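Data first, discussion second: the structure below is written as structure tokens.
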Amino acid sequence: MNEQTIHTASAEETLSFARRCARLLQGGEIIFLRGPIGAGKTVFVKGVAAALGLKNSPTSASFSLMKCYQNRQNTLFHIDLFRLSEGEVFNLGFEEMLENEKAIILAEWPDPIAPMMPKDRLEMDFVLESADKRAITLRSYGPVSDALLEELCKTNAK
Ligand SMILES: Nc1ncnc2c1ncn2[C@@H]1O[C@H](COP(=O)(O)OP(=O)(O)O)[C@@H](O)[C@H]1O
Ligand SMILES: [Mg+2]
């Protein structure tokens, strides 16, 4: 496991960090987003989707637990399982989602589906430091996410 913490001082800086991440994503990455409500997890996801030029697919499931964004090049699933438990996530389509090995998966409140997910993933832990400041600790758990974290740190030199 590798670990690195970055700091952002505004939502715009978190969006810019998300854009840097987006440039490194090739498909198949899994990112777990942790941290309290208002920490910036959804800001990050929207930044990644926008940077990849992705629009919310009109054909995706209408419930808000899993949103699918796609275009010709990329498929991105945005999952948010706030307040769900493990027993509540069966038969909701997550198994099919995992069959798409080229999809990028960004999951807020991921614990209920963590047992069915591959171990190789990047975890981002968002900590509220003040009204606009966030510390984001990144931890990688396998070769794909190790490489992603390493590249991210290189491009984060500032
Ligand atoms: N450094 C920052 N990074 C991300 N969001 C920030 C930051 N500073 C302030 N914000 C604000 O905090 C809120 C984060 O909301 P959101 O991304 O929905 O949180 P979460 O999904 O973690 O519950 C937004 O209103 C955003 O404008
Ligand atoms: Mg959110």
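The values are calculated or read from the model by the stated rules, or taken from the named source; none is laboratory data. As the structure is a prediction and not an experimental result, all values here were calculated from the model. Positions of Cβ are generated from backbone atoms using ideal geometry, with glycine treated the same way; all protein chains shown enter the neighbour counts.
Comparison of Arg23, Arg19, Arg83 shows that the only residue that is within 14 Å of ligand 2 (Cβ to nearest atom) and either without any contact (Cβ under 8 Å) to a residue 40 or more places away in the chain or within 22 Å of Asp146 (Cβ to Cβ) (or both) is Arg83. Scanning segment 91-137 for residues that are within 10 Å of ligand 1 (Cβ to nearest atom) and part of a strand (DSSP E or B) gives Glu108, Phe126, Leu128, Arg134, Ala135, Ile136. When segment 38-57 is limited to residues that are among the β-branched types (Val, Ile, Thr) and in contact (Cβ under 8 Å) with a residue 40 or more places away in the chain, the one that is nearest to ligand 2 (Cβ to nearest atom) turns out to be Thr42. Every condition in (1) closer than 19 Å to Val144 by Cα; (2) touching a strand residue (DSSP E or B) at 6+ places or on another chain (Cβ under 8 Å); (3) within 16 Å of ligand 2 (Cβ to nearest atom) holds for Met66 except the one numbered (1). Here is the figure for segment 22-66: residues that are within 16 Å of ligand 1 (Cβ to nearest atom), part of a strand (DSSP E or B) and either at pLDDT 90 or above or closer than 17 Å to Asp125 by Cβ (or both) total 5.
Each row is one residue, and each column tells you yes or no for (1) more than 20 Å from Val45 (Cβ to Cβ); (2) surrounded by fewer than 18 Cβ atoms within 10 Å (Cβ to Cβ); (3) modelled with pLDDT of 90 or more.
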{"position": "Leu98", "(1), (2), (3)": "no, yes, yes"}
{"position": "Glu123", "(1), (2), (3)": "no, no, yes"}
{"position": "Ile136", "(1), (2), (3)": "no, no, yes"}
{"position": "Arg139", "(1), (2), (3)": "no, no, yes"}
{"position": "Ala157", "(1), (2), (3)": "yes, yes, no"}
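Annotation: Leu148 fulfils all but one of (1) loosely packed, with under 15 Cβ neighbours inside 10 Å; (2) touching a residue at least 40 places away in the same chain (Cβ under 8 Å); the unmet one is (1).
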